[in-house]
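Each remark here refers to the structure printed beneath this line.
The values are calculated or read from the model by the stated rules, or taken from the named source; none is laboratory data. Because the structure is a prediction, the values reported are computed rather than measured. We place every Cβ from the backbone using ideal geometry, glycine too, and count neighbours over all the protein chains shown. Remember, those area values only see protein heavy atoms, side chains included, never the ligands or the DNA or RNA. Shrake-Rupley method; radii C 1.70, N 1.55, O 1.52, S 1.80 Å.
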Amino acid sequence: MLCSQCKAEFKDNEDVCHVCGHRKPNMEDVDLIINSLIEEDIMGASEDIESDDGDLGKKGPFRKDEKAKIEGKMIQGIRYMIFVSITIFIIALFTHWFTISGTTVDYGFVNNPYTQRYFQETEDASYIEFSGYDLFNYSRSVLDDHSRIMNSDGELSTSIQSVLHMYIMLAMAILMVTSLVACCVAFLYRKYVGIAIIRNLAIVNLVIIGLNYLFINITFISAIAIRAKSVINQQKVFGTLHLTFNGISHDQYFYTYKVTENVGFYGTIIVLGIWLTLSIILYEMKNSEKIRAIENGEIEER
């Protein structure tokens, strides 16, 4: 062992340093000193841990409150965005969606007293323009006229495809009603069920628009193309008529039927997509909020 005073080494059985005369420490005293230092370190560490736990306990609720406030602001912002997108969607229903052109329009085979309000004519060609609202208004006016179709034998019969297309066009009224309902729900009803209603109404609207797009574009099931074929049959044209993907085929002639989607149609689809996407995001956020509330015992699970 070394002397703590002069660092000289103690000789065997020597209690006093032979250099400086400093007394040699007792080993029991050394053990007591070491144990006291260890206890002090342990007590200090325990106090630090308790202090940290207290700080965390104070900060925990604060952090939860801040997170809840941020989520609440996000939910509120998304609700306003849904409200705006639905409003724009309602306006888009009155913009031009489809333009029908081709020789079936040029020769007047698709014309009737109700198409004149949608009929446009230029130096090169003639065409008919329909908005989403026009599809409903037109089908409401000419449902009976499109239901009875003259076949190649000169007999009138009911066209199932034409009638079905007319009712799908009438379903455009559902878009207007569901949009107004969704707009009111988004603005007034903030609960979990209200978000589910908004999401489901967007899906219904998407299905109706998709069906109208398919029926008006495919000549075999388009009420307008089927009626054009009936008009040609009424003119006692000799030969056989066939509906094709591009129009009406005759033994000697071919009458084209072309549908073009306008900017208004694509704009409506984009706005509806935004409406649906935001409602799904908001639905998932509200669902997560509900699950957390159930886990924390704030509400009862049903």
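Limited to the stretch 190-205, what total is found for residues that are open to solvent by less than 40 Å² (accessible area, probe 1.4 Å) and touching a residue at least 60 places away in the same chain (Cβ under 8 Å)? So the count comes out to 5.
Any residue in the stretch 166-189 that is of a type outside the set (A, V, I, L, M) and modelled with pLDDT under 80? Yes, the stretch 166-189 contains a residue that is of a type outside the set (A, V, I, L, M) and modelled with pLDDT under 80.
Condition (residue is part of a helix (DSSP H, G or I) and open to solvent by 80 Å² or more (accessible area, probe 1.4 Å)) applied to the stretch 249-264: is it met by at least one residue? Yes: the stretch 249-264 contains one or more residues that are part of a helix (DSSP H, G or I) and open to solvent by 80 Å² or more (accessible area, probe 1.4 Å). Any residue at all in the stretch 144-153 that's open to solvent by 70 Å² or more (accessible area, probe 1.4 Å), touching a Leu at 6+ places or on another chain (Cβ under 9 Å) and of a type in the set (Gly, Ala, Ser)? Yes, the stretch 144-153 has at least one match. Identification of helices (runs of 4 or more DSSP H) wholly contained in the stretch 126-189 with 2 or more residues that are touching a residue at least 60 places away in the same chain (Cβ under 8 Å) and under 23 Å from residue 200 (Cβ atoms) yields 132-147, 172-188. Close contacts from the stretch 70-93, counting a first residue that is more than 14 Å from residue 282 (Cβ to Cβ) and part of a helix (DSSP H, G or I) and a second that is modelled with pLDDT of 85 or more and polar (S, T, N, Q), with Cβ to Cβ under 6 Å and a gap of 6+ residues or different chains, come to 89/179; 90/179; 92/268. Among the residues of the stretch 190-232, just one is small (Gly, Ala, Ser), in contact with a His (Cβ under 7 Å, 6 or more places away or on another chain) and either outside any helix (DSSP H, G or I) or within 22 Å of residue 90 (Cα to Cα) (or both), namely 222. Does any residue of the stretch 218-228 turn out to be touching an Asp or Glu at 6+ places or on another chain (Cβ under 9 Å), surrounded by 16 or more Cβ atoms within 10 Å (Cβ to Cβ) and at pLDDT 85 or above? Yes, some residue in the stretch 218-228 is touching an Asp or Glu at 6+ places or on another chain (Cβ under 9 Å), surrounded by 16 or more Cβ atoms within 10 Å (Cβ to Cβ) and at pLDDT 85 or above.
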